[in-house]
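Visitor: Please read through the structure below; I'll follow up with questions.
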Amino acid sequence: MKTPLHIAFYCSSTSWGGLEMNTVRYARWMKEEGFVVSLYCVAQTPLHDEAVRSGLEVRIIRRNGKYLDLINAWHVAKAFREVQVDVCWFRDTRDMDLLGWAKRFSGNRFRLLYQQAMQFGVSKKDVFHTMRFAPIDAWVSTLDFLKQQVIASTNFSPAKIHVVPLGVDNERLTNTPITKQQAREHYGLPAEAFVFGLIGRVDPLKGQHVAIAALRLLQEQGQKAHLLLVGESTRNEGNAYAQRIHDQIRDAGLQAVVHLHPYAREVAAFYKSIDVFLLCSKGETFGTVTVEAMACQVPIIGTNSSGTPELLGNGEYGALVSPDDAQELAGAMRHMMDNPSESMAIAQRAELRYQECYSKSASVQAMRKIVLELN
């Protein structure tokens, strides 16, 4: 075994979201740990641009097919062999079949590490999926509920499944000179207002419309609050939902209290500017933005679905409400407005939980151990 080990991060996605962001983050972090790191991606994509900005060694690939792209797999195997890749790390299920074939074509010269990014909707114990998963040497679930899904829904060996939450680097969030006043000025928010905030892709599954409906209920109850929505529509998928949001705000007469802003790479100002963070998604596999709010000691209201209850300790580190229930969300929002001391105490517990389980350091050291044990 040679040292340092060479990790190839492979992602053929042309989109830009949590999956792609975390691919770059972990590539950068593992490079900081002393590994040789290269990132394989499609040219002229957001992922490619961010990898270059991050100072990573970038190798260009073609956008591969999801199944039986054998010619492309052979080229990947050859490319890995030429630079002596030890571990291939990937997150997108689209790349799973190709990388499995590439591993076979290489004569099993590299190990395959899958960092799970999606939930299981149906059973995958059939022969096709069993063969598809077989080349994976380490399966990393970001939460225990995902590990249990893998065990229940596949024939994959539980001994090869690890639970390592996605890490969040709190230094870029908390070690910033920006003040709350400056952050509010940046977003055009009133200095003394009570502000709820939601950040993420503008998409029906993220629930921006639920947050707006809940704010309208608060306004009808005489509660003065503002809502900051930061995000953009998914690239190449149209803006119909964004238009629906604009129409909803106009029809409810909330133009003065709902603030829409595009996503920016530096998110510290967002968390600095708000009083309570909202996670309104129907189902978030692993809510990185929720963990960021925990790191920033911002009180949280999240949906009681998918990975969010585990992140929030089933209510110990934040309030939980039913998805798509504006009435229940409005009740939780009003409770936070009326009980600031209680909300802040919960947020402080959440920050301690972040340090223990969800920090960059905790995640990187766990992933480092897995990588070293593969070789």
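Visitor: So, Ala366, is that one of a type in the set (A, V, I, L, M), within 19 Å of Phe145 (Cβ to Cβ) and at pLDDT below 95 or not?
Guide: Judged against the criteria, Ala366 is not a match.
Visitor: Identify all residues within segment 356-375 that are of a type outside the set (A, V, I, L, M), crowded, with 19+ Cβ neighbours inside 10 Å and either farther than 19 Å from Glu292 by Cβ or in contact with a helix residue (DSSP H, G or I) (Cβ under 6 Å, 6 or more places away or on another chain) (or both); write none if there are none.
Guide: The one that is of a type outside the set (A, V, I, L, M), crowded, with 19+ Cβ neighbours inside 10 Å and either farther than 19 Å from Glu292 by Cβ or in contact with a helix residue (DSSP H, G or I) (Cβ under 6 Å, 6 or more places away or on another chain) (or both): Tyr358.
Visitor: Going by the structure shown, is Cys11 over 21 Å from Ala138 (Cβ atoms) and of a type outside the set (Lys, Arg)? Reasoning before the result, please.
Guide: Working: over 21 Å from Ala138 (Cβ atoms): no; of a type outside the set (Lys, Arg): yes.
Here the answer is no, as Cys11 does not meet what is asked.
Visitor: When you scan segment 258-272, how many residues do you find that are closer than 21 Å to Val210 by Cβ and either touching a residue at least 60 places away in the same chain (Cβ under 8 Å) or in contact with a Gly (Cβ under 6 Å, 6 or more places away or on another chain) (or both)?
Guide: 5
Visitor: As an exercise: evaluate Gly222 against (1) small (Gly, Ala, Ser); (2) at pLDDT 95 or above; (3) surrounded by fewer than 20 Cβ atoms within 10 Å (Cβ to Cβ) and give the number of the one condition it does not meet.
Guide: (2)
Visitor: Which condition from (1) touching a strand residue (DSSP E or B) at 6+ places or on another chain (Cβ under 6 Å); (2) within 28 Å of His209 (Cβ to Cβ) is the one that Pro340 breaks?
Guide: Among (1) touching a strand residue (DSSP E or B) at 6+ places or on another chain (Cβ under 6 Å); (2) within 28 Å of His209 (Cβ to Cβ), the lone unmet condition for Pro340 is (1).
Visitor: Another question, then. What are the residue pairs meeting all of these: first residue in segment 300-322, first residue closer than 16 Å to Leu146 by Cα, second residue of a type in the set (Asp, Glu), Cβ atoms under 8 Å, and 6 or more apart or on different chains?
Guide: So the pair list comes out as Ser305/Glu284; Ser306/Glu284; Gly307/Glu284; Thr308/Glu284; Glu310/Asp144.
Visitor: Same structure, new question: Would you call Trp89 at negative phi, crowded, with 21+ Cβ neighbours inside 10 Å and either free of Cβ contacts under 8 Å to residues at least 24 places away in the same chain or of a type outside the set (Val, Ile, Thr) (or both)?
Guide: Working: at negative phi: yes; crowded, with 21+ Cβ neighbours inside 10 Å: yes; either free of Cβ contacts under 8 Å to residues at least 24 places away in the same chain or of a type outside the set (Val, Ile, Thr) (or both): yes.
Considered against the rule, which asks whether it is at negative phi, crowded, with 21+ Cβ neighbours inside 10 Å and either free of Cβ contacts under 8 Å to residues at least 24 places away in the same chain or of a type outside the set (Val, Ile, Thr) (or both), Trp89 comes out as yes.
Visitor: Could we say that Arg172 is touching a Leu at 6+ places or on another chain (Cβ under 9 Å) and farther than 23 Å from Met118 by Cα here?
Guide: Against the criterion (touching a Leu at 6+ places or on another chain (Cβ under 9 Å) and farther than 23 Å from Met118 by Cα), Arg172 does not qualify.
Visitor: When the residues of segment 191-213 are filtered to those that are of a type in the set (A, V, I, L, M) and part of a loop (DSSP other than H, G, I, E, B), which remaining residue is nearest to Ala117 (Cα to Cα)?
Guide: The qualifying residue nearest to Ala117 (Cα to Cα) is Val202.
Visitor: Residues being under 22 Å from the mean Cα position of the chain (by Cα) and more than 20 Å from Arg265 (Cβ to Cβ): count how many of those fall in segment 196-226.
Guide: 8
Visitor: Return yes when Val122 is in contact (Cβ under 8 Å) with a residue 24 or more places away in the chain, among the β-branched types (Val, Ile, Thr) and closer than 19 Å to Val298 by Cβ and no when it is not.
Guide: Values: in contact (Cβ under 8 Å) with a residue 24 or more places away in the chain: yes; among the β-branched types (Val, Ile, Thr): yes; closer than 19 Å to Val298 by Cβ: no.
For Val122, the condition - in contact (Cβ under 8 Å) with a residue 24 or more places away in the chain, among the β-branched types (Val, Ile, Thr) and closer than 19 Å to Val298 by Cβ - is not met.
Visitor: Restricting to segment 146-159, give me the number of residues that are surrounded by 16 or more Cβ atoms within 10 Å (Cβ to Cβ) and within 20 Å of the chain's Cα centre (by Cα).
Guide: The qualifying residues number 4.
Visitor: Another question, then. Among the listed residues Phe145, Phe120, Phe133, which satisfies the condition of being at pLDDT 95 or above and of a type in the set (A, V, I, L, M, F, W, C)?
Guide: Phe133
Visitor: Also: Considering only segment 175-190, state which residues are in a loop (DSSP other than H, G, I, E, B), surrounded by fewer than 19 Cβ atoms within 10 Å (Cβ to Cβ) and either of a type in the set (D, E, K, R) or touching a helix residue (DSSP H, G or I) at 6+ places or on another chain (Cβ under 9 Å) (or both).
Guide: Asn175, Thr176, Ile178, Thr179, Pro190
Visitor: Which pairs turn up if I take residues in segment 160-174 that are surrounded by fewer than 18 Cβ atoms within 10 Å (Cβ to Cβ) and look for partners that are polar (S, T, N, Q) with beta carbon separation below 6 Å, at least 6 apart in sequence or on another chain?
Guide: As it stands, the answer is Val163/Ser141, since those pairs meet every condition given.
Visitor: While we're on this one: Just checking, does segment 177-184 include any residue being in contact with a strand residue (DSSP E or B) (Cβ under 8 Å, 6 or more places away or on another chain) and either among the hydroxyl-bearing types (Ser, Thr, Tyr) or touching a residue at least 40 places away in the same chain (Cβ under 8 Å) (or both)?
Guide: Yes, some residue in segment 177-184 is in contact with a strand residue (DSSP E or B) (Cβ under 8 Å, 6 or more places away or on another chain) and either among the hydroxyl-bearing types (Ser, Thr, Tyr) or touching a residue at least 40 places away in the same chain (Cβ under 8 Å) (or both).
Visitor: Quick check: is even one residue across segment 94-115 within 21 Å of the chain's Cα centre (by Cα), crowded, with 21+ Cβ neighbours inside 10 Å, under 20 Å from Val163 (Cα atoms) and of a type in the set (S, T, N, Q)?
Guide: Yes, segment 94-115 contains a residue that is within 21 Å of the chain's Cα centre (by Cα), crowded, with 21+ Cβ neighbours inside 10 Å, under 20 Å from Val163 (Cα atoms) and of a type in the set (S, T, N, Q).
The values are calculated or read from the model by the stated rules, or taken from the named source; none is laboratory data. Keep in mind the model is a prediction, meaning the values are calculated, not measured. We place every Cβ from the backbone using ideal geometry, glycine too, and count neighbours over all the protein chains shown.
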